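The structure appears below as structure tokens.
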Amino acid sequence: MPKRSLSPLHRATTHWTTGRRILVAAVVITALLGAAGLTAWFTSRGGQSKTGASPTAPAPSSPATTAPKASAGTGSVPAPPKLTDPLAYARAAAVMLWSYDTRTTSRDQHLAGMNAWMTSETKYTDWTAISGQVPDPVLWSRMADNAQYATAAVGEAHFPSTFKQALAENPSAITEAYIYAVTVTGKQTIAWKGGGGGAEDRAVTLAVQCRPSSDCALVSLAPSVAP
């Protein structure tokens with residue numbers, strides 16, 4: 001079976017249109033910075049991560065503006081870890097974003113599980129960017145018909161060079177929202193019934209909030225990967 005892209009689940013969003021996204025960009029960029037490179041990560045159009053293999057054709061995603069309630073459970077989506085290190089949390093979040101199991105988890109369960117990783121500070125949380133990684137209900141159903149699932153392994157996580165430079169130039173600016181940019185690399189493996197499957201390298205730049213004396217939480221993801 002040929003490999004095809006499942007772009008709604010695997011690629012980063014390519015446009016940021018909500019006021020909340022602009023605010024997130026402003027916090028990570030304007031507050032920290034003055035560094036044009038960071039502005040590009042969180043406001044640029046275009047640029048996307050590599051996609052994985054799938055037996056189904058790509059279809060446009062319809063991001064949910066509000067997350068389904070977790071009353072029906074979260075299926076295979078793991079609970080967010082209690083971590084205070086942005087690098088460690090971003091590594092775990094990347095594994096969560098690159099993994100799914102349509103055999104045991106409904107689309108609503110998957111979304112509810114993802115939402116549990118988000119910051120509770122509504123001023124910053126960008127649920128549209130995260131939920132936009134999930135295929136629409138029709139495509140999810142087709143994936144379930146094929147018993148499709150994916151696992152992920154993380155290789156490395158680091159603060160992008162422009163973020164480190166901006167932080168060095170103005171160390172106190174991070175204290176407004178404690179949002180960190182973290183680039184994570186790894187590998188995703190996809191399989192479906194009949195012995196089909198594939199694997200490829202993945203990379204993403206995440207925005208992670210880690211306030212002092214609090215567990216980290218996911219804020220958003222950038223439309224392109226920052227080195």
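Odds and ends about this structure:
- Segment 130-227 shape via C-alpha gyration tensor axes, a/c threshold 1.5: prolate
- Radius 9 Å from Cβ of residue 186, net charge of other residues (Lys, Arg +1; Asp, Glu -1): +1
- Segment 111-227, accessible surface, carbon-and-sulfur percent (1.4 angstrom probe): 51
- Shape of segment 84-127, Cα gyration tensor, a/c cut at 1.5: oblate
- Protein-only accessible surface order, largest first, of 110, 158 at 1.4 Å: 158, 110
- With each label modelled as a point 7 angstrom along the Cα→C-beta vector, the residue 214-residue 170 pair spans 2.1 nm.
- Estimated inter-spin distance, residue 187 and residue 116, nm [label 7 Å along Cα→Cβ]: 2.8
- Nearest-0.05 FRET efficiency for residue 156 and residue 136, computed from C-beta distance (R0 30 Å): 0.40
The values are calculated or read from the model by the stated rules, or taken from the named source; none is laboratory data. Remember, predicted model here, so these are calculated numbers, not experimental data. Cβ: placed from backbone, ideal geometry, glycine included. Neighbour counts: every protein chain shown. Surface accessibility is based on the protein's heavy atoms, side chains included, excluding ligands, DNA and RNA. Shrake-Rupley method; radii C 1.70, N 1.55, O 1.52, S 1.80 Å.
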